[in-house]
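Asker: I'd like to ask you about the structure that follows.
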Amino acid sequence: MYLSKLKLWNFRKFGSKKFDIESPDFNLDFNKNLNVLIGENDSGKTAIIDAIKMVLKTHSYEWIRVTEDDFYNNSDRFRIELEFKDLQPEEAKYFTEWLSWEGEKEEAEPFLKVNYDVSKNEDRILPSDIRAGSDKDGYPLNAEARHYLKTTYLKPLRDAESELIPKRYSRLSQILKGHDIFKDEEDNKLYQEFEKFNEKISNYFKKANNEEFQNEGYQIKKVIDEFIRGFYDKDSKSEFRTSEANLRSVLETLELMISDVDNPGLGTLNRLFMAVELLHLKRDSWPGLKLGLIEELEAHLHPQVQMKVIEKLQNNNDIQLILTTHSPNLASKIKLENLIICTNDNAFPMGSDYTELNEKDYIFLEKFLDVTKSNLFFAKGVILVEGWSEEIIIPTLAKEIGYDLTENEVSVINVGNVGFDHYYKIFLRKDNPDAMNVRVSVVNDVDVTAYTKDNMEKKDEEFYQIKCKEEITKKKNKIKYLGKSSVEKPQTIVKPFISSGWTLEWCFYESDFLNRIFVKSTKQVHPQIFDTEDYEEELAIRLLDSNLRFNKTKIAYQIEESLRNESVLKGINLNEEETYQDDTISYLIEAIKYACGD
């Protein structure tokens, strides 16, 4: 059994003005095993976890109650609906009267639909039951059925040290007490050993049978007993024991640590605590739901440890996990089909049933989607570029024309080649291509040479421009321009921006705005190479032959520094497109504006 679907109506940020039971405000499918919710702050990750937790409750018996803040925009009703599939006979027997069925009669499979529908009036929030059944209202679940739907939950910034030390009602004792091994108290070997130990403790404080030998503890007990008889009566006496003789008190004396680790830090304790909590999900005889909810998995863990933890969790195919994270390290390590991107008041599973990515794309991204590139999962806008030069220059160029990419939450992603489709198809949905509404600018060189390589003659300008336009059209058609647009809210999400000239460097050279700082930068990096009268031909030679010395990355750093220090673009009026549209860097300006939402 696993949680297959979550639907929400007017819960927290997921809501609408009209409550329509046929049209949920939020509808999310989960994988059977690992699900990782990622996205920017306030994108709804915690709301998703809390909705599940509110219906199912937890093994740790946390106090969970409905508050005014759970209702969307002061609405008077919210609803949470969970759907469970793949119920085995030993699981389904606890929910017989609430089960629904799908498929043909002979091959019909049972599933369980649970809902929590809460209303309020002006004075208070009205009590409501957890219900289940095939119709929209369902019938109340009894206590036994709810018991088998409980989930394991680890809160963010968890105090692992406090949870693992011996104390009354410690979390460690609760977890162990819930395990099958400790169900039968009298027959449990740990309890029996503790009883023997208790007897030894008691004997230590008693008078020995052999008068010639007295127990050390008896000297203490003897004095206490003298006072006791005076305080009570002559037959009264004291008795020493370790604790109350029951299994709960025994377990409350236990402390869990990592062997050979003195004074463990928060990261070590956090991993230990997670391992203990997940014990709930590894009970072979447990016939209920095996679902773990972990918020901010990366809490107190450095990047390498994060990788270890997520790799272990990805290989547990017999349990279901729903995690949240803000870590690009984790996002790069997790298989793409296990990710769920939260953005624009919605959540989007990255499995092959949902995206435009094909099987080869998933294989490619599993190898090349590194920590830097995984920043795209947290962005409101993305600029895909083919090399280091664009990645270095574009953020400063954007700032110089009045667009702060950090402030606009736009990521520049260097794909290292022209395989843009592997990346932009992440944002395209099969059922609704523009649903994610994350603007993606694809910046690409036209790659039409302005010089002939054989004799180093410059091509006829008219012929060159025709070839550039043909190639621009071809590249735009190759980069799928998917998505629709509306007057109120443009939603076209993937848009190509092709250079009007040969390469980025050539466009800088021919730019009215950047020619001066480009020439200066190339001469600073390669003073001997460009110490000639025919600068243009020397530049063309370097662009034609990649084996010749021409450090594009170092030149890009020089240009970026000049942009910051000299402010050469302050005069561009972006409200008047004609002021820059004929310049060879206009495609970069348009790519920046588009990704930032203009």
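Each value in this text was obtained by applying a stated rule to the coordinates, not by laboratory testing. If you're wondering where the values come from, they're calculated on a predicted model, not measured in any experiment. Note that each Cβ is placed from the backbone with ideal geometry, even for glycine, and that neighbours are counted across all protein chains shown.
Asker: Test of understanding: what is the full-extension gain from GLU195 to THR242, defined as 0.36 nm times their sequence separation minus their Cα-Cα distance?
Answerer: My answer for the length gained is 16.0 nm.
Asker: Given 0.36 nm per residue, what is the gain on full extension from ALA108 to VAL223 after removing their alpha carbon distance, in nm?
Answerer: In short, 33.8 nm is gained.
Asker: Let me check I have the definition right: for region 30-107, take the eigenvalues of the Cα gyration tensor, multiply each by 5, take square roots. What are those semi-axes in whole Å, largest first?
Answerer: 29, 17, 15
Asker: Can you give the Kirkwood hydrodynamic radius of region 380-451 from its Cα pairs, in Å with one decimal? Could you put the intermediate results ahead of the total?
Answerer: Working: mean 1/r = 0.0745 Å⁻¹.
Result for region 380-451 stands at 13.4 Å.
Asker: What FRET efficiency would be calculated for the residue pair ASP370, HIS300, taking the C-beta separation as r and a Förster radius of 30 Å, to the nearest 0.05?
Answerer: The calculated FRET efficiency here is 0.80.
Asker: List the extent of the Cα atoms of region 38-159 along each of their three principal axes, largest first, rounded to whole Å.
Answerer: 46, 37, 29
Asker: Okay, moving on. Give me the orientation-averaged projected area of the Cα convex hull of region 410-544, in nm², one decimal.
Answerer: 10.9 nm²
Asker: What does the charge count near LEU289 come to, summing +1 for each Lys or Arg and -1 for each Asp or Glu among other residues with Cβ under 13 Å from its Cβ? Don't jump to the answer; show the numbers that get you there.
Answerer: Values: positive: LYS32, LYS53, LYS57, LYS85, ARG146, LYS150, ARG283, LYS290; negative: GLU83, ASP86, GLU90, GLU91, ASP318.
That works out to +3.
Asker: What is the magnitude of the charge dipole of the chain about its Cα centre, with +1 placed on the Cβ of each Lys and Arg, -1 on the Cβ of each Asp and Glu, and no other charges, expressed in debye to the nearest 20?
Answerer: 1420 debye
Asker: Peptides 511-524, 193-206: what's the order by average Cβ count within 10 Å, highest mean first?
Answerer: 511-524, 193-206
Asker: While we're here: Quickly estimate the mean residue ellipticity at 222 nm for the chain, helices only: each DSSP H run with n ≥ 4 gives -39500 (n - 2.57), and the total goes over all residues, rounded to 500.
Answerer: When only DSSP H runs of four or more count, the value is -9500 deg cm²/dmol.
Asker: What does the net charge come to around ARG564 if you take all other residues with beta carbon closer than 10 Å to its beta carbon, with K and R at +1 and D and E at -1?
Answerer: -3
Asker: Moving on. Once the piece of chain linking ASP534 and GLU68 is laid out straight, how much longer is it, given 0.36 nm per residue of separation minus the C-alpha distance between them?
Answerer: 160.4 nm
Asker: Please give the direction-averaged projected area of the C-alpha convex hull for region 162-251, in square nanometres with one decimal.
Answerer: 8.2 nm²
Asker: May I ask for the distance between the Cα centers of region 53-131 and region 326-389, given as a whole number of Å?
Answerer: After rounding, the separation between the Cα centres reads 31 Å.
Asker: Could I ask something else about it? Angle, helix 45-56 long axis vs. longest principal axis of the chain, Cα atoms, 0 to 90°, nearest 10?
Answerer: Tilt of helix 45-56: around 30 degrees.
Asker: Among HIS302, HIS179, HIS59, rank each residue by its count of other Cβ atoms within 10 Å, from fewest to most, as a rough exposure measure.
Answerer: The most exposed by this proxy come first: HIS302, HIS179, HIS59.
Asker: Cα-based Rg (one decimal) and Dmax (whole number) for region 283-404, in Å?
Answerer: That works out to 17.5, 64 Å for Rg and Dmax.
Asker: Once the cut-off is 31 Å, how many percent of the Cα-Cα pairs in the chain end up in the long-distance tail?
Answerer: Of the Cα pairs, 63 percent sit more than 31 Å apart.
Asker: Continuing with this model, one more query. Select from ALA143, LEU82, TRP98 the residue farthest towards the positive end of the dipole of the chain; place +1 on Cβ of Lys and Arg, -1 on Cβ of Asp and Glu, and compute about the Cα centre.
Answerer: Looking along the dipole axis, the top candidate is ALA143.
Asker: Within region 92-113, list the residues whose amide N lies under 18 Å from a label point set 7 Å along Cα→Cβ of SER285.
Answerer: Counting backbone N atoms under 18 Å from the label point, the list is 94.
Asker: Does anyone have the angle between helix 535-544 and the longest principal axis of the chain? Alpha-carbon axes, 0 to 90°, nearest 10?
Answerer: Result, in degrees: 50.
Asker: Let me ask something else about it. Once the mean 1/r over all distinct Cα pairs of region 352-595 is inverted, what Kirkwood radius in angstroms do you read off?
Answerer: 19.1 Å
Asker: For a distance above 16 Å, tell me the whole-number percent of Cα pairs in region 494-598 that qualify.
Answerer: Everything past 16 Å amounts to 61 percent.
Asker: Quick check: pseudo-label points 7 Å beyond the Cα along Cα→Cβ at GLU461 and THR553, how many nm apart are they?
Answerer: Modelled inter-label distance: 3.7 nm.
Asker: State the Cα centre-to-centre distance between region 270-295 and region 490-548 in whole Å.
Answerer: For region 270-295 versus region 490-548, the Cα centre distance is 57 Å.
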